[in-house]
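Take a look at the structure set out below.
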Amino acid sequence: MCVTAVESRPAGVLGTSPGHRPFGARVMAFVALTKPRIIELLLITTVPVMFLAEQGVPQLWLVLATCFGGYLSAGGANALNMYIDRDIDALMDRTSQRPLVTGMVSPRECLAFGITLAVVSTLFFGLLINWLSAALALGALLFYVVVYTMLLKRRTAQNIVWGGIAGCMPVLIGWSAVKNEVSWAAVILFLVIFFWTPPHYWPLSMKVKEDYARVGVPMLPVVAGNKAVARQIVLYSWVMVAVSLLLTPLGYTGWFYTAVALAAGGWWLWEAHALHARAKAGVTGTKLKEMRLFHWSITYVSLLFVAVAVDPFLR
């Protein structure tokens, strides 16, 4: 897909002189490179798993250290992602205010910042927690930057499916921080997030598919119709809910988690099938209401993992 016909401001044309880059704004720009709102979601899946692994309350210092190390690692991955994607970020409406596009941070500064966070976070995990957690965190960072951003994102509509593996790793990191090993419970929750990621992100991609089409990124909604995308969303949703229910028969959770998983999963499936019905009927525009499922997906994963944390206290 040709993007040369798109007229857009080149990345970094604003704020290139020191007078245009006040200190406070620069600090906030570096924070923005870490994508804090995305990291919040990662921590939602990390901390509850630590409670499940401990079957109670883990040591506070360990929780705080794991969250801090996770923030540094994910922040480094996100900064490197912005460095690699700075060309297309300048052409997309939803990313047009990122620090590299506005020039508040230079590409060289972003690259150095991302590499520094990657090194510091790995050493932090290894020296203060354990080297298994360090290896998992570094693996997640490299997978997101190299496999997803560099190899998959611009080449295949399956980019989110396999690239989402990086977003599943905090589950394993949370468990390994407590146990210094990985168990089947952690693997099951890893798979829940794996199957959650595509139906979580595809509705958003449906909403902004023109942005992705403009820069030649083949997100599934760009290369397939709404009906086909919604069908995939339903398929992944059923597998996700089924996998989420495996924890109880395997003895890792009890009645409370099961009740929440059934109720939240049932509502998710209702929304997924409703989206598919609207897409199948040819509904487009705002009436498609694809963002309903996107917003519910965040609520769903929050409820599910809160139940993971609470369940040990009710057994």
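The values are calculated or read from the model by the stated rules, or taken from the named source; none is laboratory data. What you see is a predicted model; the values in this text were computed from it and never measured. Cβ coordinates were reconstructed from backbone atoms using ideal geometry, including for glycine residues, and neighbour counts include every protein chain displayed. SASA here: full protein model, heavy atoms, side chains in, ligands and nucleic acids out. Shrake-Rupley method; radii C 1.70, N 1.55, O 1.52, S 1.80 Å.
For region 286-292, 3J(HN,Hα) computed residue by residue from phi via the Karplus equation (6.51, -1.76, 1.60; θ = phi - 60°) reads 5, 6, 5, 6, 5, 6, 4 Hz, glycine and proline entered as x.
Within the shell defined by Cβ-Cβ distances under 9 Å, the residues around Met82 carry a net charge of +1, with Lys and Arg each +1 and Asp and Glu each -1. Summing charges over neighbours of Met150, with a neighbour being any other residue whose Cβ is under 14 Å away from its Cβ, gives +2 when K and R count +1 and D and E count -1. Share of region 109-265's accessible area from carbon and sulfur, percent, 1.4 Å? After summing per-atom areas, the C and S share lands at 73 percent. A straight line joining the Cα centroids of region 120-175 and region 219-262 runs 22 Å. Helices in the chain, meaning DSSP H runs of at least 4 residues, each add -39500 (n - 2.57). Divided by all residues, the mean residue ellipticity at 222 nm is -22000 deg cm²/dmol. Computed with a 1.4 Å probe over protein heavy atoms only, the accessible surface of the chain comes to 45 Å² per residue. Note down the net charge around Ala224, summing +1 for each Lys or Arg and -1 for each Asp or Glu among other residues with Cβ under 13 Å from its Cβ. In short, +3.
For the chain, lysine pairs with C-alpha atoms less than 17 angstrom apart, excluding pairs fewer than eight positions apart on the same chain, total 12.
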